[in-house]
1. By the scheme Lys and Arg +1, Asp and Glu -1, what is the net charge of all other residues having a beta-carbon under 14 Å from that of residue 168?
2. Once you place label points 7 Å from the Cα toward the Cβ at residue 132 and residue 32, how far apart are they in nm?
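Every number in this text was worked out from the coordinates using simple rules, so none of it is lab data. Just so it is clear, the model here is predicted, and its values are computed rather than measured. All Cβ positions, glycine included, derive from the backbone under ideal geometry; neighbour counts span all protein chains shown.
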Amino acid sequence: MQAMKRGPLVLGRSVLVNPGDDPPDEWLNVHRVIASDISNAITLNSVDANDTRSFLRQCWINRKPLVIEISDMEALSGKCNDHVSDWKDKFDKKNLLFYITENAINALDSQDYRWWAMGRGIDLGGLQNGLNQTGDLTKSDGSIIWLDGGPFNLKSLKSESGIPVVPRVNLRQGKLTPRKRFRKLMLDLILNNLEP
């Protein structure tokens, strides 16, 4: 895939880079988490490791973009599966890699950027837009969309500059459709929860 853009700031996309590499220009002034902190967060049971795990989780939830150094993605994946008995929050252990990668462009290979959401969008029939074009993808009907890998949040999923945002949950379900308008979403929620 070609280089990818950060997109609207409200989407809070992070970027994965190799240790010491400069991030893509759009992430130049973004907080950087170094590879050893990531590794320690996975393998150690210390106050600093717990703080790093909590920080990464909160950044994903609050859509705070980061530049995240990853020295070895495969080794990181393997470490995430190791049993660390003293973690207080098992949800964080199980999902640390998720917090790091779900809403992050993988720029470890500067010639071949990757992001699961872009790959999924292309698999679902979208065409990746160029860096000078607005939006992430153009659907087969010609409409332009942004993709989202962050938490479901109505504020961040509203249209950006008139371009709808496809939420992570829709992409995971194989749908290249933006979220419904807020009133329609609320009405659907109410009607679906009424007792017959």
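1. Details: positive: 13, 63, 120, 172, 175, 179; negative: 102, 136, 148.
Combined, the nearby Lys, Arg, Asp and Glu give +3.
2. 3.0 nm
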